[in-house]
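The values are calculated or read from the model by the stated rules, or taken from the named source; none is laboratory data. Remember, it's a predicted structure, so these values are computed and weren't measured experimentally. As a convention, Cβ positions derive from the backbone with ideal geometry for all residues, glycine included, and neighbour counts pool all protein chains shown. Side chains included, ligands, DNA and RNA excluded: accessible areas come from the protein's heavy atoms. Shrake-Rupley method; radii C 1.70, N 1.55, O 1.52, S 1.80 Å.
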Amino acid sequence: MDSSDHRHVSSTSKVVANTNDGDEPLAVEMPQTAHQISSDSWFQVGFVLTTGINSAYVLGYSAAIMVPLGWVVGVVGLIIATAISLYANSLVAKLHEFGGKRHIRYRDLAGYIYGKKAYSVTWGLQYVNLFMINTGFIILAGQSLKAVYILFRDDNEMKLPYFIAIAGFVCAVFAIGIPHLSGLRIWLGVSTVLSFVYILTALALSLKDGIKAPARDYSIPGTTTSNIFTTIGASANLVFAFNTGMLPEIQATVRQPVVINMMKALYFQFTAGVVPMYAVTFVGYWAYGNSTSTYLLNSVSGPAWLKTVANVSAFLQTVIALHIFASPMYEYLDTKYGRVQGSALEFRNLSFRIMVRGGYLAINTFVAALLPFLGDFMSLTGAISTFPLTFILANHMYLVAKRTKLSSLQKLWHWFNICFFGVMAVLAAIAALRLIAVDSSTYNLFADL
């Protein structure tokens, strides 16, 4: 391992943050990291991004995106969301070394550009974003296990919350065994194979069902009022599908030159990486219309053994994908409290991960079992964190950082994006909260969906 491929033991360095309001510059403490950085190829980072975009969440997009939007708006919306997500992520990627310093966390970049308050606000937004994504992953994993169970025993003795608890335990075991994001390595290959298994199975069985089925109903269900809210909520799902809210943390793992290599990884994600997701989303909706299940493998018909393999693959891939999205929290806890030294498997380091990561995932699991409304979590996550982190903050940070180099037209473009996505975030949050309220009144807490 060369000099750039190392772990930084927890320490802090004061960085003078830029200010654009004439105030005195603020010293923002930005800790080094206990995790590994600058060690991965762009191709490995591309697979990290693709693992996220083709996680088992894709099995819900037919219902969460296409059903409330329909063919025209759904297809066009996904294509537009792909383009604007690539653009917004590229803005953040290009700021990774802004000011001659490498910013390995989203909050570090915001703190450097704006100051202390932005550092804290950005961390809060990111924490909420990743917590809700991980809660959704545990719900997905629980649904996968339950789908296997009812293939063989449809006696209703085992409820969804039980499977969510099992899923949370397995996720904790995996998190304890993999010390940091770069440690996934071979698991990214395993994840890719698992993704292909459940995506290809869902595609094949959906195609079979669609060819044999009578004409489907593609009308948008619900009243005019409810359709307005579900359409707005679906717009949040569109951006949720493509964005991580943790791009600087992923970019921190890539080798130099970091901007060039990260752009290669992003191009890989938004070209080859989106093809499986597009395919399963469109084919699932084509096969079942507006009756598509929120978990596509519950809609398909086929041999029990094949559906079992697909569901188990979805479960295992979800465990790996969750580790990616939980890694910023793990990095924060390890850096601030862990004082990682020596082997990751030493008793002190292992016991620390058992206590801290196990505790964090226990909270995730409890919330997942309490409110297992997956589509609502996707909408709310997109509204209150993906929109602000990926679109509003990205455009404004780029505007502030490059203000002397941008033309008046370019500045106007960025302000348009900031205002438009700000309005969308507010509307989508209202729509998502309404959906959660409706579902909470329909179902009990710890519902068996």
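Below is a table of values for the structure above.
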{"read-out": "Square roots of five times the Cα gyration tensor eigenvalues for segment 145-290, Å", "value": "32, 24, 18"}
{"read-out": "Accessible-area ranking of E157, E97, E249, largest first, probe 1.4 Å", "value": "E157, E97, E249"}
{"read-out": "Gain on full stretching of the segment that runs from S301 to S407 - 0.36 nm per residue minus C-alpha separation", "value": "32.5 nm"}
{"read-out": "For segment 250-306, the spread of Cα positions along each principal axis, largest first, Å", "value": "48, 25, 16"}
{"read-out": "Anisotropy class of segment 204-274 from Cα gyration tensor, a/c 1.5 cut", "value": "oblate"}
{"read-out": "Sulfur and carbon atoms: percent of accessible area, segment 156-261 [1.4 Å]", "value": "74 percent"}
{"read-out": "Stretchable slack from V309 to S219, in nm (0.36 nm times residue separation minus alpha-carbon distance)", "value": "29.2 nm"}
{"read-out": "Distance between segment 271-329 and segment 47-114 - C-alpha centres, whole angstrom", "value": "19 Å"}
{"read-out": "Degrees between helix 224-240 axis and first principal axis of the chain (Cα, 0 to 90, nearest 10)", "value": "50 degrees"}
{"read-out": "Expected 222 nm ellipticity per residue - DSSP helices of 4 or more, -39500 (n - 2.57), all of the chain, to 500", "value": "-21500 deg cm²/dmol"}
{"read-out": "Accessible area in the full protein assembly, largest first, 1.4 Å probe, for S55, S235", "value": "S235, S55"}
{"read-out": "Violating pairs (Cα-Cα greater than 23 angstrom) within the set K116/K402; K264/K336; K116/K264; K264/K411", "value": "K264/K336; K116/K264; K264/K411"}
{"read-out": "Accessible area in square angstrom per residue, the chain, 1.4 angstrom probe", "value": "40 Å²"}
{"read-out": "S120 accessible area, 1.4 Å probe, all protein chains in place, Å² to nearest 10", "value": "70 Å²"}
{"read-out": "Positive minus negative residues near D154 (Lys, Arg vs Asp, Glu; Cβ under 15 Å)", "value": "+1"}
{"read-out": "Pair V190, I430: separation of 7 Å Cα→Cβ label points (nm)", "value": "4.6 nm"}
{"read-out": "The chain, relative contact order in percent, only Cα pairs under 8 angstrom and at least six apart counted", "value": "31 percent"}
{"read-out": "Sequence-distant residues sharing a close amide H with G245 (under 5 Å, placed H)", "value": "none"}
{"read-out": "Summed side-chain charge close to D376 - residues other than D376 whose Cβ falls under 11 Å, Lys, Arg +1, Asp, Glu -1", "value": "0"}
{"read-out": "Amide H partners (placed H, <5 Å) of D40, local residues excluded", "value": "V254, R255"}
{"read-out": "For the chain, alpha-carbon Rg relative to the globular expectation (2.2 N^0.38 Å, N residues)", "value": "0.96"}
{"read-out": "Backbone HN-Hα couplings from phi across segment 157-165 [Karplus 6.51/-1.76/1.60, Hz, Gly and Pro as x]", "value": "6, 8, 8, 3, x, 5, 5, 5, 5"}
{"read-out": "Exposure ranking of L380, L200, L316, L95 by accessible area [1.4 Å probe, largest first]", "value": "L200, L316, L380, L95"}
{"read-out": "Length gained when the stretch S440-L370 is fully extended (0.36 nm per residue, less Cα-Cα span)", "value": "24.2 nm"}
